[in-house]
């Protein structure tokens, strides 16, 4: 049952994520969306495995997910939120660029085999500029948080 008319109760699967985002493996960092409230927030999942290329070199013998990729996964979740919020507009034909990352904090490392729960909330928007607050947690423990700013531009 829907709490609000804009909430999508079912998850968004990989095929729809591929239809929404231009990213592809190994740079696609969202596996599924489990909750989306248009114009408000999104909860997405990233499952990490030892086979991911970044774990091989970061760091050998002690693999840790790079912080910039954690931030990128939050940004990709934010991109899905924007595209689902603005489905009737032409944003899908535009490119999304990072404009800023503020207040980024890395609280705990993320290791292979982790399920990352990404929560991204829309803070503010002004035309094609969107500002979000994102968190990444594993086993309900906060690993990363940041404020993200993105802009949609014509290619």
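I'd like the full set of residues that are within 15 Å of the chain's Cα centre (by Cα) and more than 13 Å from residue 154 (Cα to Cα), limited to the range 86-99. The answer is 98, and nothing else. Taking the stated definitions as given, is residue 14 modelled with pLDDT under 95 and in contact with a strand residue (DSSP E or B) (Cβ under 9 Å, 6 or more places away or on another chain)? Taking the combined requirement at face value, the residue satisfies it.
In this structure, residue 141 does satisfy being over 12 Å from the mean Cα position of the chain (by Cα) and in contact (Cβ under 8 Å) with a residue 12 or more places away in the chain.
Residue-wise test of (1) within 17 Å of residue 64 (Cα to Cα); (2) part of a loop (DSSP other than H, G, I, E, B); (3) modelled with pLDDT of 95 or more.
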site: 116; (1), (2), (3): yes, no, yes
site: 119; (1), (2), (3): no, no, yes
site: 125; (1), (2), (3): no, no, no
site: 132; (1), (2), (3): no, no, yes
site: 143; (1), (2), (3): yes, no, yes
site: 149; (1), (2), (3): no, no, yes
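Being in contact (Cβ under 8 Å) with a residue 60 or more places away in the chain and in contact with a helix residue (DSSP H, G or I) (Cβ under 7 Å, 6 or more places away or on another chain) is the filter here; which residues of the range 117-136 pass it? Steps first, please.
In the first step, residues of the range 117-136 are kept if they are in contact (Cβ under 8 Å) with a residue 60 or more places away in the chain; the result is 117-122, 134-136.
The answer is 118, 120, 122, 134, 136.
Only residues that are outside any helix (DSSP H, G or I) and buried (at least 19 other Cβ atoms within 10 Å of the Cβ) were counted in the range 61-93, giving 2.
So is residue 44 outside any strand (DSSP E or B), in contact with a strand residue (DSSP E or B) (Cβ under 6 Å, 6 or more places away or on another chain), at pLDDT 90 or above and surrounded by 15 or more Cβ atoms within 10 Å (Cβ to Cβ) or not? Spell out the reasoning first.
On the way: outside any strand (DSSP E or B): no; in contact with a strand residue (DSSP E or B) (Cβ under 6 Å, 6 or more places away or on another chain): yes; at pLDDT 90 or above: yes; surrounded by 15 or more Cβ atoms within 10 Å (Cβ to Cβ): yes.
No, not satisfied.
The values are calculated or read from the model by the stated rules, or taken from the named source; none is laboratory data. Computed from a predicted model, the values in this text were never measured in an experiment. Every residue, glycine as well, gets a Cβ built from its backbone with ideal geometry; the counts of neighbours run over all protein chains shown.
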